[in-house]
Amino acid sequence: MLWSQLTWDELPAKLAAVQGAALLPIGATEQHGPHMGCGMDTVIADKLCQEVARRTQVPMLPPLPYGCSLGHSHRWPGTIALQPTALIELVKQIGDWAYLSGVRRLFLVNGHVTNEAPLRCALEMLRAGHDDLMVALVNTSTISARVRQFHFADAQDWHANDAETSLMLAVAPDMVRPDKLAEADDPDRTADCVFAHPVNRTSLNGVTGKPGLATAAKGAQWFEWMASDLNQVVLQGIQEQPPLDFSYFESVTV
């Protein structure tokens with residue numbers, strides 16, 4: 001169900017079978033502490049969407065490996081950040097072209113927290129530009145209550161923590177350096193802060209949370225929860241219709 005592996009004459013039937021639904025995984029390339037590879041956010045969005053595409057038969061567009069990672073500063077090597085405006089325009093153009101191929105239900109599956117605001121802007125632009133295109137924004141860390149709970153268990157402003165490290169140990173163990181886990185923990189220093197501070201002012205090593213607690217067994221269970229809960233969101237979205245059937249471009253006639 002990978003868009004990149006489908007031919008142009010296969011794609012219309014695949015889309016028609018799922019009411020024009022498609023998944024777009026969106027990640028980032030940014031430092032993830034001394035113990036984990038810089039592509040973690042992209043890997044989780046990619047792996048999760050591949051699994052949900054397999055279960056639902058919804059085509060998956062190629063993942064975006066860059067995101068809005070400006071908050072990670074210049075302190076640590078590895079981060080490649082887009083300006084918010086660049087991410088907005090990139091996703092908007094992808095959505096425009098996906099629409100031309102028959103997509104009418106687009107799921108933006110976001111693996112990086114600070115992509116959310118630009119992606120919401122892209123969502124607004126896409127639905128305003130295409131009357132019959134529905135767009136959903138789903139963050140991988142908050143798909144459901146149980147998914148949110150384990151992500152935030154060791155830090156409110158978490159990054160490269162127990163959750164992310166456990167997930168990578170389970171689904172992409174080559175992303176993790178086990179010999180560095182014990183010394184990677186760094187506490188959340190953002191409690192009671194009024195301002196949103198960049199990571200250079202909140203973390204000593206680029207981590208917020210306790211990756212030292214991570215295990216592959218926890219990650220496997222958590223990934224299954226994420227896949228199962230996203231699967232339900234997508235299945236519900238395939239069947240959803242707008243509550244009212246008025247055109248975006250139609251004015252009220254008095």
Problem - Exposure proxy ranking, count of Cβ atoms within 10 Å, fewest first, for Thr7, Thr165 - result: Thr7, Thr165
Practice task
Throw me the Rg/Rh for segment 184-241, computed over C-alpha atoms with Kirkwood Rh, two decimals.
Solution key: 1.20
Exercise for the section: Treat segment 1-96 as a sphere of radius equal to its Kirkwood radius over Cα pairs and apply Stokes-Einstein at 37 °C in a medium of 0.692 mPa s; give the translational diffusion coefficient in µm²/s, rounded to a whole number. Expected result: 224
Completion exercise
Among Phe107, Val176, Cys68, the residue whose Cα sits farthest towards the positive end of the charge dipole of the chain, when +1 is placed on the Cβ of each Lys and Arg and -1 on the Cβ of each Asp and Glu, is Val176
Completion exercise
Honestly segment 145-201 on the Cα gyration tensor test (a ≥ b ≥ c root eigenvalues; a/c under 1.5 rounded, otherwise a/b vs b/c for prolate or oblate) is just oblate
Completion exercise
Exposure proxy check on Cys68, Cys38, Cys49, Cys193: fewest-to-most Cβ neighbours within 10 Å is Cys193, Cys38, Cys68, Cys49
Handout entry: Whole-Hz ³J(HN,Hα) from phi, Karplus 6.51 cos²θ - 1.76 cosθ + 1.60, for segment 11-28, glycine and proline x
Key = 4, x, 5, 4, 5, 4, 5, 10, 6, x, 7, 8, 9, 10, x, 10, x, 6
Handout entry: Gln236 paired with Asp192, simple spin-label distance in nm, labels 7 Å along Cα-to-beta-carbon
Key = 3.8
Problem - Relative contact order (%) - the chain, alpha-carbon pairs under 8 angstrom, separation at least six - result: 22
Practice task
Enumerate the lysines that Lys180 could reach by cross-link, defined here as Cα to Cα under 29 Å, with residues fewer than 8 away along the same chain left out.
Solution key: Lys47, Lys210, Lys218
Problem - the chain: calculated mean residue ellipticity at 222 nm from DSSP helix runs of at least 4, using -39500 (n - 2.57) - result: -12000 deg cm²/dmol
Exercise for the section: With a 10 Å radius around each residue's Cβ, average the other Cβ atoms per peptide and rank 69-79, 132-142, 112-122, 173-183, highest first. Expected result: 112-122, 132-142, 69-79, 173-183
Practice task
Please state, rounded to one decimal and in Å, the Kirkwood hydrodynamic radius that segment 49-90 gives when every pair of distinct Cα atoms enters the mean of 1/r.
Solution key: 12.5
Fill in the blank from the handout: Cα-only Rg/Rh for the chain with Kirkwood Rh rounds to 1.00
Practice task
Report, in debye and to the nearest 20, how large the dipole of the chain comes out about its Cα centre when Lys and Arg carry +1 and Asp and Glu carry -1 on their Cβ.
Solution key: 180
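Readers should treat all values here as calculations from the given coordinates under stated rules, not as data from a laboratory. Since the model is a prediction, treat every value here as computed from it, not as a measurement. Cβ atoms come from the backbone with ideal geometry, glycine included; neighbour counts cover every protein chain shown.
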